[in-house]
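Readers should treat all values here as calculations from the given coordinates under stated rules, not as data from a laboratory. Just so it is clear, the structure is predicted and the values come from calculations on it, not from any experiment. Every residue, glycine as well, gets a Cβ built from its backbone with ideal geometry; the counts of neighbours run over all protein chains shown.
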Amino acid sequence: MTAPATNLVPIDVGREPRTRVVSSDTSVEARKGKAVESSATRVDDLRLFRGLRVEHGQPVRLSQNDLYPARQAFSPEHITALRLLKLAIGRCQRAIDAQADDPMAADIEIQKIQMSLPELFCCRALGDGFGTIVNALICSLQNMDGNALERSQIRILGEVF
């Protein structure tokens with residue numbers, strides 16, 4: 001029986017490297033000649049920005065409201081995620097407030113959060129990191145095995161949302 005043919009290519013150790021280090025100096029003095037990039041945007045069409053007073057061709061700093069003027073422009077996943085995150089933050093705060101007087105009410109608020117996490121996970125199209133964080137929250141609450149969260153854990157949960 002013969003060995004299968006492979007596409008192995010011998011490495012030529014005597015040849016020059018493909019990349020060369022020109023300088024290992026990363027100090028600010030070494031980059032003095034390089035111009036700093038600007039984050040301002042030139043405005044070519046003034047009709048897009050009705051509320052702003054700018055002259056044609058001048059750089060302008062745009063706010064988030066200028067870039068995203070209509071809430072309807074967001075995707076349904078984005079709107080759903082914002083709604084669920086706002087609810088979760090409120091429930092975390094209610095759980096923290098109720099924990100000293102009524103631990104059962106605090107636990108019920110956490111259970112409500114836990115029940116909304118699968119719907120929040122369905123919004124993972126917003127980004128891989130978003131889905132990963134929601135999945136981690138689902139797993140962490142499952143790993144509690146039904147035990148109530150402590151005040152510091154609820155506070156951290158609220159900060160994550």
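Values as computed for the structure displayed
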| item | result |
| --- | --- |
| FRET efficiency, SER140 to ASP97 (Cβ-Cβ, R0 35 Å, nearest 0.05) | 0.95 |
| Spin-label model distance (nm) - PHE130 vs ALA105, 7 Å beyond Cα toward Cβ | 3.3 nm |
| Summed residue charge, Cβ within 13 Å of ILE133's Cβ, Lys/Arg positive, Asp/Glu negative | -1 |
| Residue-span extension gain [GLN153 to SER116] - 0.36 nm each, minus C-alpha spacing | 11.5 nm |
